[in-house]
Amino acid sequence: MKVQIEDNLYLESDGMQFIIKEYTGKQDNLGRDLYKVHGYFSGVDHAVKNLIKMKVMQSTAQTLSELVQDVSRIGQYIESKLSA
């Protein structure tokens, strides 16, 4: 399974685990696409929780109020992706 989450971010499975990968835009010497791995997870729910954490960590909030707004916005964004 390989599901595009957004832009260059993907959720893949290898039969044992779920992997969040980001395409780097580069290829190796054999022409294979190169990815940055953001984590390995035992379930889709764990991968989604990590995706939320990744998005929160990218926040530029300067105050607790802004952070709460960002978390709410990120939650709504993830929810929209799951229900689409």
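The values are calculated or read from the model by the stated rules, or taken from the named source; none is laboratory data. All values reported here derive from a predicted model rather than from experimental measurement. Cβ coordinates were reconstructed from backbone atoms using ideal geometry, including for glycine residues, and neighbour counts include every protein chain displayed. To get the accessible areas, we keep the full protein, side chains included, count just its heavy atoms, and leave off ligands, DNA and RNA. Shrake-Rupley method; radii C 1.70, N 1.55, O 1.52, S 1.80 Å.
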Residue within the stretch 3-14 that is without any contact (Cβ under 8 Å) to a residue 60 or more places away in the chain and farther than 27 Å from residue 72 by Cα present: yes
Counted residues, the stretch 25-80 - those being part of a helix (DSSP H, G or I), open to solvent by less than 100 Å² (accessible area, probe 1.4 Å), of a type outside the set (Ser, Thr, Tyr) and closer than 24 Å to residue 2 by Cβ: 12
